[in-house]
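The numbers here are math on the coordinates, done by the rules we state, and not lab data. This is a predicted model, so every value here is computed, not measured. Cβ atoms come from the backbone with ideal geometry, glycine included; neighbour counts cover every protein chain shown.
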Number of protein chains: 2
Amino acid sequence: MKTRDKIIDCAIHLFNEKGTAAVSTNHIAAAAKISPGNLYYHFRNKEDIIFAIFEQMDVRGTSQYQSVIDSYPSGTMESLEHTFLMIQKFNWRYRFFKRELTPLVMNTPLLKERFHITNTQTKEMIRFAIDNGIASETIKPLDASTKNHLVDAMWLVALFWLNYLEVGGEEVDDNTLRRGNSVLHTILGPYLTNNF
Amino acid sequence: MKTRDKIIDCAIHLFNEKGTAAVSTNHIAAAAKISPGNLYYHFRNKEDIIFAIFEQMDVRGTSQYQSVIDSYPSGTMESLEHTFLMIQKFNWRYRFFKRELTPLVMNTPLLKERFHITNTQTKEMIRFAIDNGIASETIKPLDASTKNHLVDAMWLVALFWLNYLEVGGEEVDDNTLRRGNSVLHTILGPYLTNNF
DNA sequence: GTCTATAAGCGGATAGAC
DNA sequence: GTCTATCCGCTTATAGAC
């Protein structure tokens, strides 16, 4: 394994354990069993490492999303559920990032810019899925503003469900993740054609 | 103004501007125009200050909630809307706390314990409001799990709407806060008796 | 690419005078 | 209650040898 990747792996692990603020570049170097100087050969600073982690997340996330919609066509309830669970497992893997999402995005200009792109794309995908649902008569026709609010509601739940569980002192496991899915279904359900 | 309160005020302001990690006790002391030593006379450390801020939030929040439900009986749509907007304005005032909610709650045992109480109480209030809505036939009868999921959905939106706006690069103003209200209405609307 | 050594600075925290 | 002075430890970051 390349040193650069080893650094990223150890950083993810430590950040998930203790949060980015409590983890120094020295800690990361020690965990990766390299010298502090070596770490600075590969990265300019901690921010740079965090940004590299974000890029990894972004690339892997896109490819995972692709494999879900290859298996379950967009706009079906199956694809919705599998996408949601995929996102949650993903968020868990990089959980420090979602926990500190707002400060990280706000205080790092580069990250802000890049996250904004991903964020916008994701909302467009949700909108696209809803449109497909309407076209295939899974979802009832919606006026524009209701559709916008549903996109917001669904993306909000997907982004923050993990945080919601953690601040509530709940375990993150299959049960609680599935409950997130049920919450999503409670929101979307009344807008489905065959809900009752 | 008492020194202790001056420290708390300056700390809130600085934390909101730069986040808790970037603000040292020295910065707070300088902003409050007192010596670093004096700060340590009033608080054991930074964590202690954050906890004091949480207590202030908690006390003021409870009293504000009281004045809302004194004006608008629990279970009406007016009370829901006013409560939501009140919470958002409140979250904005202590916005650093909501931005860093998960790390703060997870890494501070004392805060974890206290937040858990508030969190549980709030969910009970939402449930109480829904029950009142059902009793007064504003809300259709709900089975137990749907009710649970609605409580989760509504509290999730109330807790994280500000974060949702900020990570999306949106301004926090009357417009976007009202949009949060609309999202809530899109979620709850189909469960109302007179929605359409 | 990787190491050792180290500079420079900051943050947390305390002692002791007033 | 408030100040000044100060100590320790840690973190970031770089220089230079291998």
_At 7 angstrom along the Cα-to-beta-carbon line, where would the label on A:GLU124 sit relative to the other copies? Give the distances in nm, shortest first._
4.7
*Give me a single rounded figure for A:168-181: the average over its residues of other chain Cβ atoms within 10 Å of their Cβ.*
2
*Could you name the residue in chain A with the C-beta closest to the rotation axis that superposes chain A on chain B, along with the separation in whole Å?*
A:PRO190, 2
*Tally Lys/Arg at +1 and Asp/Glu at -1 over every other residue whose Cβ is under 14 Å from the Cβ of B:THR122; what's the total?*
+1
*Taking neighbour Cβ counts within 10 Å as the exposure measure, how do A:PHE128, A:PHE54 sort from fewest upward?*
A:PHE128, A:PHE54
_Projected label distance in nm at B:TYR41 and B:TYR72, using a 7 Å step from Cα toward the beta-carbon_ = 4.7 nm
_Between A:SER145 and A:HIS27, what's the calculated FRET efficiency when r is the beta-carbon distance and R0 is 41 Å? Round to 0.05._
0.25
_Spin-label model distance (nm) - A:ASN107 vs A:MET86, 7 Å beyond Cα toward Cβ_ = 3.3 nm
_Within straight-line cross-link reach of B:LYS89, aspartates and glutamates at Cα separation under 12 Å, skipping those fewer than 8 residues along the same chain_ = B:ASP173, B:ASP174
_Nearest-first distances (nm) between copies at B:ASN195, label 7 Å from Cα via Cβ_ = 0.5
*For the stretch B:1-57: rounded, prolate or oblate by the Cα gyration tensor [a/c cutoff 1.5]*: rounded
*Could you put A:LYS112, B:LYS33 in order, starting from the residue whose Cβ has the fewest other Cβ atoms within 10 Å?*
B:LYS33, A:LYS112
*asked:* Tell me the net charge near B:PHE15. Cut-off is 12 Å between Cβ atoms, B:PHE15 excluded, with +1 for each Lys or Arg and -1 for each Asp or Glu.
replied: +3
*So, counting K/R as plus one and D/E as minus one, what does the shell of residues with Cβ under 12 Å around A:MET57 add up to?*
+3
*asked:* Below 20 Å, Cα to Cα, which aspartates and glutamates can A:LYS6 reach? Residues fewer than 8 away in the same chain don't count.
replied: A:GLU17, A:GLU47, A:ASP48, A:GLU55, A:ASP58
_Per-pair calculated FRET efficiency, R0 = 41 Å: B:THR3 and A:THR3 via Cβ, rounded to 0.05_ = 0.20
*Please go through the residue pairs A:LYS112/A:LYS147; A:LYS2/B:LYS46; A:LYS46/B:LYS112 and name each one whose alpha carbons sit more than 32 Å apart in this structure.*
A:LYS2/B:LYS46
